[in-house]
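K.L.:
Sending over a structure as structure tokens; questions will come in a sec.
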Amino acid sequence: MEVIRLERVHKTYSDNGVPVQALRGISLQIQQGEFVVIAGPSGSGKTTLLNIMGALDKPTKGAVFLEQEDVSQLSRDTISAIRLEKLGFVFQAYNLIPVLTAMENIEFTMMLLGIDEKSRRSRALEVMRELDIEELADKRPNEMSGGQQQRVAVARAIVNNPSIILADEPTANLDSETGGNLLDLMERMNRDHNLTFIFSSHDQKVIDRARRLIILRDGLIENDTVL
Amino acid sequence: MLFTIAWRNVWRNRRRSQIVMISIIVGVVAVMFNDGLSVGMVRQMLDNQIGSHVSHIQIHAKGFNDNRVIQNYVHKPELVERTLEGTPGVKDWSKRVITFGLLSSAMNSSGGLIVGVDERREPEVTSIKASLTKGSYLSGKPHEVVIGQRLANRLKVGIGDKVVGMASALNGDVGSDLFRVVGIFETVSSEFDKTYMFTSLASAQNMLELEGNVVEYAIVIDDIAQVEAVTAELRRKLGADYEVLSYIDLLPLLVAQVEMYGEMMYIIYMIIGLAMVFGIINTMLMSVFERIQEFGVLMAIGMKNSYVFRMVMLEALVLALLGTGIGLAMGSVLLLILNAVGINLSMFTEGLTSFGVGAIIYPRLTIDSVMSVVIIIPATALLGSIYPALKATRLQPVSAIRYV
Ligand SMILES: Nc1ncnc2c1ncn2[C@@H]1O[C@H](COP(=O)(O)OP(=O)(O)OP(=O)(O)O)[C@@H](O)[C@H]1O
Ligand SMILES: [Mg+2]
């Protein structure tokens, strides 16, 4: 099943009036359950592409379909709802609400969906158990290491049973062992729940674990291989 | 959960929140103090007027209040007295004769109001007997007079001295009589103390050839809040030949002043509120700008704009409610203490007694001012957080996350 389709997507930023072409005609399809790494040199457009796939940003030209739906036709609130229900995000850093504990951070997205407190609690516990981060439940982000924070961010991203997880350089701030653990975790989620993972990285260790590798260069797909 | 977030965010930047809260607290206490002082002052003015002479309700023959001459005496005193005895809510009443006149001593003379009072009933209605500083009250013997200290000074008389009273009698001739000063009183109103002189009802009736007729009934009721109802009841029972006036009718200026103070307070609320609005705008804007990335992430994971808006508003509300709560508690304690102790303004006594306030002001804590504070301050805080909250909703998740 197709979860994301991009058709000739262009993105042009204006850098103090000078147009910067971040994406120059990207077309691709991603199926449910894929484990995709987007690689490429700095400035090649990885973040821009992920943001557009996650409906965080609008293409200048071209179309984006999330589960067959044309994103450009949707209101801001509908897009919010889609992000809440269908997508999970893991950013490079600052993922969590600083004043909430790990548990509460994970519960937060469920609260936005209007799930009652009891169900939230048990679901959050379930996910934390699965990711083996139960001991972090009552810790606030500033009491956790970077790797721990990223794990909690993954827990939050998957807790609403989304179909796609988008992660922009999730391991960039982690040492290689912690980064490797995070990848193990994501692989396991992908295998056990058929969750689609799309993440960007320029770390060779990460790239090695991709099952589909999309290499960007100057806003174009240079190579797209299923491994 | 939104409340938890708001609550914790308030404590995240402790110092900033404390500054805002202190400014709210100071504002609340200032408003309450000012309010309490003004209300206390005008209420005292009103109470003094009511207590020294006006009483709660007065009854005269129709037209007396517009044309205050003794020819307008009450024609059927038995009817009035029977009505007063039969009306619930009436506590005590006294009867009076009242006229403009002249009082002279060997040294000087002074115009004023000569009031003949039922010396047994009057002390139940007004506080003159209790305000005596020298001598004693009217005993019922003829030719006694009680005057204010100011008048005594002007006439240069003391206890036991003789004075001559003079006024136009019922038939239009000049009536006069010789009196002896038996008591000197001092109220908080210097104006009152130089204008009023009291003698027994019989002596006044005698001098004015009123032959047992009464000009005025002064009534106190059980519950001042019921004054309108009791007045209406008496009016209905007595009919068109009598005028029944409450202190509200008798002291229109003072009553208007009480109301005006209430309205003036709103202006002061507005000014303090306005200052607060800017404080809140500033604080909340800083708080939003500090957390641009956080808001970006929240929006990215699917938080709707309306939710972002509520989150910021709630945070301001928590701040305001905390500040208001503490301010209210501190203001109440302050006012309760001051109400018990009083603020001694004897430095300014001279100025204030001419307004009839008294040297010591007892500020009052009123439900009205508490309610105003409770409603206005948080509302103001919400008002001030609208702009920062809107600002937060305008953030674009992508650029917010990228923002460093
Ligand atoms: N908001 C923006 N305004 C202007 N130019 C931008 C903006 N965002 C990105 N760009 C430009 O677009 C191009 C692609 O940027 P993007 O962040 O997508 O690259 P990237 O592959 O994620 O790079 P990196 O590996 O450094 O994260 C770059 O040239 C960048 O300078
Ligand atoms: Mg990037």
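The values are calculated or read from the model by the stated rules, or taken from the named source; none is laboratory data. Only a predicted model underlies this, so the values are computations on that prediction, with no experimental measurement involved. Cβ atoms come from the backbone with ideal geometry, glycine included; neighbour counts cover every protein chain shown. In case anyone asks, the SASA skips ligands and DNA or RNA and just uses the protein heavy atoms, side chains included. Shrake-Rupley method; radii C 1.70, N 1.55, O 1.52, S 1.80 Å.
K.L.:
Which positions within region A:153-176 get 30 Å² or more of their accessible surface covered by the other protein chains, compared to the chain by itself, with a 1.4 angstrom probe?
P.N.:
A:Arg156
K.L.:
Based on alpha-carbon centroids, what's the gap between region A:84-137 and region B:366-404 in Å, whole number please?
P.N.:
Taking the Cα centre of region B:366-404 as reference, the centre of region A:84-137 is 27 Å away.
K.L.:
Now a separate question. For region B:63-239, what is the per residue volume of the convex hull drawn over the alpha-carbon atoms, in cubic angstrom?
P.N.:
In region B:63-239, the Cα hull volume divided by residue count equals 117 Å³.
K.L.:
Rounded if a/c is under 1.5, else prolate if a/b beats b/c, else oblate: with a ≥ b ≥ c from the C-alpha gyration tensor eigenvalues square-rooted, which is region A:44-102? Could you put the intermediate results ahead of the total?
P.N.:
On the way: a/c = 2.64, a/b = 1.49, b/c = 1.77.
Because a/c hits 1.5 or more and a/b fails to exceed b/c, region A:44-102 counts as oblate.
K.L.:
Sticking with this one: Around B:Ile360, which amide H atoms from residues at least 5 apart in sequence, or from another chain, sit under 5 Å from its own amide H, with H modelled in the peptide plane?
P.N.:
Placed amide hydrogens put B:Leu345 under 5 Å from B:Ile360.
K.L.:
Related question: Can you give me the % of accessible surface on region B:39-94 that is carbon or sulfur? Probe 1.4 Å, all protein chains present, nothing else counted.
P.N.:
Result for region B:39-94: 47 percent of the exposed heavy-atom area is carbon or sulfur.
K.L.:
Now for a different question. Mean separation of Cα pairs under 8 Å and 6+ residues apart, divided by the residue count of chain A: what relative contact order is that in percent?
P.N.:
It rounds to 30 percent for chain A.
K.L.:
Still on this structure, I have one more. Determine the total buried accessible area between chain A and chain B, counting protein heavy atoms only with a 1.4 Å probe; round to the nearest 100 Å². Walk me through the numbers before you get to the answer.
P.N.:
Numbers: alone 11100 and 19510 Å², together 28190 Å².
Counting protein atoms only, the buried area is about 2400 Å².
K.L.:
Along the Cα→Cβ direction, 7 angstrom out, place labels at B:Phe100 and B:Ile337. What is the inter-label distance in nm?
P.N.:
The answer from the label model is 5.0 nm.
K.L.:
How big is the charge dipole of region B:63-239 about its Cα centre, in debye rounded to the nearest 20, if each Lys and Arg gets +1 on its Cβ and each Asp and Glu gets -1 on its Cβ? Please report the intermediate quantities before stating the final value.
P.N.:
Values: 20 positive and 23 negative charges, 78 e Å.
Here region B:63-239 has a charge dipole of around 380 debye.
K.L.:
Here's a follow-up. Given C-alpha coordinates of region B:67-152, what is the ratio Rg to Rh with the Kirkwood estimate of Rh? All intermediate terms of the calculation are to be shown ahead of the outcome.
P.N.:
Details: Rg = 15.3 Å, Rh = 15.2 Å.
In region B:67-152, Rg relative to Rh is 1.01.
K.L.:
Just need the relative contact order of region B:63-239 here, percent rounded to a whole number, with Cα pairs under 8 Å and 6+ apart.
P.N.:
Answer for region B:63-239 is 32 percent.
K.L.:
Moving to a separate point now. Computing the accessible area with a 1.4 Å probe over protein heavy atoms, can you report the carbon and sulfur percentage for region B:361-404?
P.N.:
About 68 percent, which is the carbon plus sulfur part of the accessible surface.
K.L.:
If R₀ is 30 angstrom, what is the calculated FRET efficiency for the pair A:Arg24 and A:Asn194, using the beta carbon separation as r and rounding to 0.05?
P.N.:
Efficiency computed from Cβ-Cβ geometry: 0.40.
K.L.:
In whole Å, what are the Cα extents of the protein assembly as shown along the three principal axes, biggest one first?
P.N.:
127, 50, 47
K.L.:
For chain A, just the Cα set please: Rg and Dmax, both in angstrom.
P.N.:
17.3, 53
K.L.:
Taking chain A as a Gaussian network, Cα atoms linked when under 10 Å apart, which of A:Gln73, A:Gln92, A:Gln149 shows the biggest mean-square fluctuation?
P.N.:
Highest fluctuation of the listed residues: A:Gln73.
K.L.:
Then there is this: Each residue of region B:292-303 in turn: what ³J(HN,Hα) in whole Hz from Karplus with 6.51, -1.76, 1.60 and θ = phi - 60°, glycine and Pro shown as x?
P.N.:
Values, residue by residue: 3, 5, 4, 5, x, 4, 4, 5, 4, 7, x, 7 Hz.
K.L.:
A further question follows. Which ³J(HN,Hα) values, rounded to whole Hz and listed in residue order, are derived for region A:134-148 from phi using the Karplus coefficients 6.51, -1.76 and 1.60 in 6.51 cos²θ - 1.76 cosθ + 1.60 with θ = phi - 60°, glycine and proline given as x?
P.N.:
4, 5, 8, 2, 9, 8, 8, x, 6, 9, 10, 6, x, x, 4
K.L.:
List the pairs from A:Lys46/A:Lys205; B:Lys62/B:Lys237; B:Lys91/B:Lys134; B:Lys129/B:Lys194; A:Lys86/A:Lys205 whose alpha-carbon separation is above 22 Å, in the order I gave them.
P.N.:
B:Lys91/B:Lys134; A:Lys86/A:Lys205
K.L.:
So what is the relative contact order for chain B, in percent, with contacts set as C-alpha pairs under 8 Å and at least six apart?
P.N.:
Numbers: 726 pairs, mean separation 106.1, N = 404.
That works out to 26 percent.
K.L.:
In region A:159-203, which residues have a backbone nitrogen under 14 Å from the label point lying 7 Å from B:Ser306's Cα in the Cα-to-Cβ direction?
P.N.:
Output list for this probe position: empty.
K.L.:
Considering every Cα-Cα pair within region A:1-107, what fraction, in whole percent, is farther apart than 19 Å?
P.N.:
Here the long-distance tail beyond 19 Å is 52 percent of all Cα pairs in region A:1-107.
K.L.:
Right, here's the next one. Can you classify region B:1-110 as rounded, prolate or oblate using the Cα gyration tensor, where a ≥ b ≥ c are the square roots of its eigenvalues, rounded means a/c under 1.5, and otherwise it's prolate if a/b beats b/c and oblate if not?
P.N.:
Cα axes put region B:1-110 in the prolate bin.
K.L.:
At 1.4 Å probe size, with the rest of the protein present, what percent of the exposed accessible area of region A:2-226 is carbon and sulfur atoms?
P.N.:
Whole-percent figure for carbon plus sulfur exposure: 44.
K.L.:
Just to confirm, what accessible area per residue do you get for region A:2-226 at 1.4 Å probe, in whole Å²?
P.N.:
Value for region A:2-226: 43 Å² per residue.
K.L.:
Measuring with a 1.4 Å probe in the full set of protein chains, what accessible area per residue, in whole Å², belongs to chain B?
P.N.:
45 Å²
K.L.:
Hey, another quick one. Roughly how many debye, to the nearest 20, is the charge dipole of region B:18-151 about its Cα centre, given +1 on each Lys and Arg Cβ, -1 on each Asp and Glu Cβ, and no other charges?
P.N.:
So the dipole magnitude of region B:18-151 works out to roughly 240 debye.
K.L.:
Something else about it: Just how large is the dipole of region A:55-186 about the Cα centre, in debye to the nearest 20, putting +1 at every Lys and Arg Cβ and -1 at every Asp and Glu Cβ?
P.N.:
Numbers: 14 positive and 22 negative charges, 78 e Å.
For this selection, approximately 380 debye.
K.L.:
Around A:Arg129, under 14 Å between beta carbons, what's the net of Lys plus Arg minus Asp minus Glu among the other residues?
P.N.:
On the way: positive: A:Arg121, A:Arg123, A:Arg151, A:Arg188; negative: A:Glu126, A:Glu130, A:Asp132, A:Glu134, A:Glu135, A:Asp192.
Local net charge: -2.
K.L.:
Something else about it: Considering amide H positions built from the backbone, and no H for Pro or chain starts, which residues 5 or more places from B:Val214, or on another chain, come under 5 Å of its amide H?
P.N.:
For B:Val214, the qualifying residues are B:Val74.
K.L.:
Still on this model: Using the Cα centre of region A:2-226 as origin and beta-carbon charges of +1 (Lys, Arg) and -1 (Asp, Glu), tell me which of A:Leu49, A:Ser80, A:Gly17 is placed farthest towards the positive end of the dipole.
P.N.:
Result: A:Gly17.
K.L.:
Run through every distinct alpha carbon pair of chain B and return the Kirkwood hydrodynamic radius in angstroms, one decimal place.
P.N.:
Answer for chain B: a Kirkwood hydrodynamic radius of 25.3 Å.
K.L.:
Heavy-atom accessible surface, probe 1.4 Å, ligands and DNA/RNA ignored: which residues of region A:69-96 lose at least 20 Å² versus the isolated chain?
P.N.:
A:Arg76, A:Asp77, A:Ser80, A:Arg83, A:Leu84, A:Phe89, A:Phe91, A:Tyr94
K.L.:
Accessible area drop of at least 30 Å² (1.4 Å probe, protein heavy atoms): which residues of region B:289-321 qualify, relative to the chain alone?
P.N.:
B:Gln293, B:Glu294, B:Val297, B:Leu298, B:Ala300, B:Ile301, B:Gly302, B:Met303, B:Lys304, B:Asn305, B:Tyr307
K.L.:
Pop the C-beta distance of B:Ala329 and A:Ser72 into the FRET formula with R0 = 51 Å and round what comes out to the nearest 0.05.
P.N.:
My answer for the efficiency is 0.40.
K.L.:
Then there's this: Residues with amide H under 5 Å of A:Ser27's amide H, sequence separation 5 or more or different chain, H placed in the peptide plane at 1.01 Å from N; which?
P.N.:
Close amide H contacts, sequence-distant or interchain: A:Arg8, A:Val9.
K.L.:
Another question, if that's okay. Applying the Karplus parametrisation 6.51 cos²θ - 1.76 cosθ + 1.60 with θ = phi - 60° to the phi angles of region B:273-280, what ³J(HN,Hα) value in whole Hz is obtained for each residue in order, glycine and proline being reported as x?
P.N.:
x, 4, 4, 5, 3, 5, x, 5
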